[in-house]
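Heads up: the structure comes next, in structure tokens.
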């Protein structure tokens, strides 16, 4: 029995060795992996997406962060942009010249979408029916790449907006919402202009911090979110840069939306946001029904 076990182990080792020899083919040079471009994603500072329906989205890198600059101006979803820029170093599995080719066969005569990375234009056609890779064109060369980038490019503009409500590098200097009005003094201390007996310095700072880092679950078009929604008040936030952000408080089926009408976008907030963002203390004015207490302590000047 022992000798049979040793024999089986020996045969298994030989099989593994033969597999490695076939896979690596010693003595033969491996073909180098070809990348779609000679650039890496950190080298780009401008992105433009031309969608087939005529919509155009433009983004610019400002410092270390990306900003949507057209058709609206708002901070971009860094994670989506980072994923999109991976296209620069994605593998080009096959290449051929456009010379003498009928580009309509690859839907590259009228591209479905075009991505501009600085001075590089990448046109997207259809997919290869065998490997389901996407045909893309750069200048006079057609490449076959993994089909993961096309769906980033055809998404609605709302998908490119950062889920963060406020720029993290632009501190809040004042905030007004129903029942709450806070402002930061020149010394950096927060003061309440409304009667908030529970508003200790620590609670005010925590409240501001929650707002400064507030993040939506989803960003969608205002029209889609506002259908059958109830308006619960208004919010005005002033930032250190001088920028003013106005938000409408809307509720739809117990879901809180904060709407920026200036860019026609609605931010769908996490379930606990009614307490964390609309009250200074997490346990203040909780409503067991799950609805927002809009009438209690509302600031008349914001109606």
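Every number here is computed from the coordinates shown, using simple stated rules; none is lab data. Computed from a predicted structure; not experimentally measured. For neighbour counting, all protein chains shown are included, and Cβ atoms are generated from backbone atoms with ideal geometry for every residue, glycine included.
Numbers below:
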{"quantity": "Distance from the range 73-103 to the range 120-177 (C-alpha centre basis), Å", "calculated": "9"}
{"quantity": "Footprinting exposure proxy for 253, 62 (fewest neighbouring C-beta atoms within 10 Å first)", "calculated": "253, 62"}
{"quantity": "The range 139-275 - percent relative contact order, Cα under 8 Å, separation 6 or more", "calculated": "23"}
{"quantity": "Stokes-Einstein D in µm²/s, Kirkwood radius over Cα pairs - the range 41-159 at 25 °C with 0.890 mPa s viscosity", "calculated": "166"}
{"quantity": "Debye intensity ratio in log₁₀ form over the Cα atoms of the range 92-175, taken at each q of 0.18, 0.27 Å⁻¹", "calculated": "-0.78, -1.40"}
